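The values are calculated or read from the model by the stated rules, or taken from the named source; none is laboratory data. Bear in mind the structure is a predicted one, so any value in this text is a computation, not a measurement. Here the Cβ positions follow ideal geometry from the backbone for every residue, glycine too, while neighbour counts run over all protein chains shown.
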Amino acid sequence: MKNPTASWTLFWKTFGRILWNLALITVGSAICAVAVNGILIPKAFVSGGVTGLALVIHYLLPKLSVGVLYLLLNIPLFALGWKYVGRRFFLYSIVGTIVFSVAVEWVSIPIPIQDKFLAALMAGIIMGVGLGIILRSAGSSGGTDILSVMVLMRLSVRLGNTTLAFNSAVLIMTAILFSLESALYTLVFIYVTAHMMDIVVTGLSRRKSVMIISKSKTELVQSILEKLDRGVTVIQARGGYSDEPSDMIYTVIAFRELPRLKRLVNAVDPDAFVVVNDTTEVMGHRIGNQPHW
């Protein structure tokens, strides 16, 4: 017989998670709409991906709204999402696309920036933050987000890099239909958007992988475990010149913990050999920084 208390706890936990994801999608979409209606359309800029295609069609046929065009252009992408991406992500993305389209139709906050280059920078910052917030949820706002997440999951290519690659066709189209200047402003906008999106999705919780070779292995392992509260893996190694066996300490820490680790290693063994590497993604208990789509 099922425990009623446990069932209700599971229900409220699931319900809270759904509300949180919907809140992220809604807030992120509203922020993106500010960039679209506050800067892109007034300055006649073009965005990347499906939003950019919708803007191009809107400029050529002004009677067609960007929100409606965005919704219609997403239909073919949902076919890919259903086949290659998880069902939860797919369903949240449908909701995200509808919310994004509605936000573009209704959210309009003028941003008084006259200089076009500064406007492109500001639009990229706003759009990148909005898209990053959306991708922190279990879904997306549709568009190339679906393709970006699919490539990330299968090929481990960063979201921003994938987005930049998908936007090449939009840039060429902008240069042909409008002007090279418009394409260059669009490039600035897309570049800033991609980097801001990476920062929001993974960059705010950057991780460093650290390899340490030291004769004080035991003391260093205990210090990392107790003072940093991070896991440690000891790997058997052998010196290339001396051919003597040695142990290599491997750990993954948060970026903000790196100065503490350096001080700790220096206090235990000033002669230790330390290598610090950037990480693109980290999956795992407590230290992971990859959103789970």
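Would you mind stating whether L171 is surrounded by fewer than 17 Cβ atoms within 10 Å (Cβ to Cβ), of a type in the set (A, V, I, L, M, F, W, C), under 29 Å from L60 (Cα atoms) and touching a helix residue (DSSP H, G or I) at 6+ places or on another chain (Cβ under 8 Å)?
Details: surrounded by fewer than 17 Cβ atoms within 10 Å (Cβ to Cβ): no; of a type in the set (A, V, I, L, M, F, W, C): yes; under 29 Å from L60 (Cα atoms): yes; touching a helix residue (DSSP H, G or I) at 6+ places or on another chain (Cβ under 8 Å): yes.
So L171 does not fit the description; no.
The residue of the range 262-281 that is surrounded by the most Cβ atoms within 10 Å (Cβ to Cβ), among those that are hydrophobic (A, V, I, L, M, F, W, C) and not in a strand (DSSP E or B), is V265.
Taking the range 104-119 as the range and being under 24 Å from G28 (Cβ atoms) and not in a helix (DSSP H, G or I) as the test, the residues that pass are V107, S108, I109, P110, I111, P112, I113.
So if I check each of V95, V104, V129, which one is crowded, with 22+ Cβ neighbours inside 10 Å and either over 22 Å from K63 (Cβ atoms) or not hydroxyl-bearing (S, T, Y) (or both)?
Working: V95 fails: crowded, with 22+ Cβ neighbours inside 10 Å; V129 fails: crowded, with 22+ Cβ neighbours inside 10 Å.
From the options V95, V104, V129, the qualifying one is V104.
Does S137 count as within 30 Å of S179 (Cβ to Cβ) and surrounded by 24 or more Cβ atoms within 10 Å (Cβ to Cβ)?
Values: within 30 Å of S179 (Cβ to Cβ): no; surrounded by 24 or more Cβ atoms within 10 Å (Cβ to Cβ): yes.
The answer is no for S137.
When S156 is tested against (1) out of contact with any helix residue (DSSP H, G or I) (no Cβ under 6 Å at 6 or more places or on another chain); (2) at pLDDT below 85; (3) buried (at least 16 other Cβ atoms within 10 Å of the Cβ), only condition (3) is not met.
Do the conditions hold for V149, that is, is it β-branched (V, I, T) and either modelled with pLDDT under 85 or over 25 Å from L77 (Cα atoms) (or both)? It would help to see each step written out before you state the result.
Working: β-branched (V, I, T): yes; either modelled with pLDDT under 85 or over 25 Å from L77 (Cα atoms) (or both): yes.
It is true that V149 is β-branched (V, I, T) and either modelled with pLDDT under 85 or over 25 Å from L77 (Cα atoms) (or both).
Take the residues in the range 227-256 that are of a type in the set (V, I, T), touching a helix residue (DSSP H, G or I) at 6+ places or on another chain (Cβ under 8 Å) and not in a loop (DSSP other than H, G, I, E, B), then tell me which one is surrounded by the fewest Cβ atoms within 10 Å (Cβ to Cβ). By that ranking, first place goes to V234. Screening I109 with (1) touching a Gly at 6+ places or on another chain (Cβ under 6 Å); (2) at pLDDT below 80 gives one miss only, at (2). A single member of T218, T193, T186 is under 24 Å from V36 (Cα atoms), out of contact with any Ser or Thr (no Cβ under 6 Å at 6 or more places or on another chain), in a helix (DSSP H, G or I) and of a type in the set (S, T, N, Q), and it is T193. With the requirement that a residue be within 24 Å of Y191 (Cβ to Cβ), over 19 Å from the mean Cα position of the chain (by Cα) and of a type outside the set (V, I, T), what does the range 91-109 give you? Answer for the range 91-109, where residues must be within 24 Å of Y191 (Cβ to Cβ), over 19 Å from the mean Cα position of the chain (by Cα) and of a type outside the set (V, I, T): just A103. All of I213, I224 fail the test of being touching a strand residue (DSSP E or B) at 6+ places or on another chain (Cβ under 9 Å), closer than 18 Å to V268 by Cα, at pLDDT 85 or above and buried (at least 20 other Cβ atoms within 10 Å of the Cβ), apart from I224.
Is there a residue in the range 34-46 that is in contact with a Gly (Cβ under 8 Å, 6 or more places away or on another chain), modelled with pLDDT of 90 or more and under 19 Å from M197 (Cβ atoms)?
If we filter the range 34-46 for residues that are in contact with a Gly (Cβ under 8 Å, 6 or more places away or on another chain), which is where we start, we get 34-35, 46.
Now restrict to residues that are modelled with pLDDT of 90 or more: 34-35.
Those left that are additionally under 19 Å from M197 (Cβ atoms): 34-35.
Yes, the range 34-46 has at least one match.
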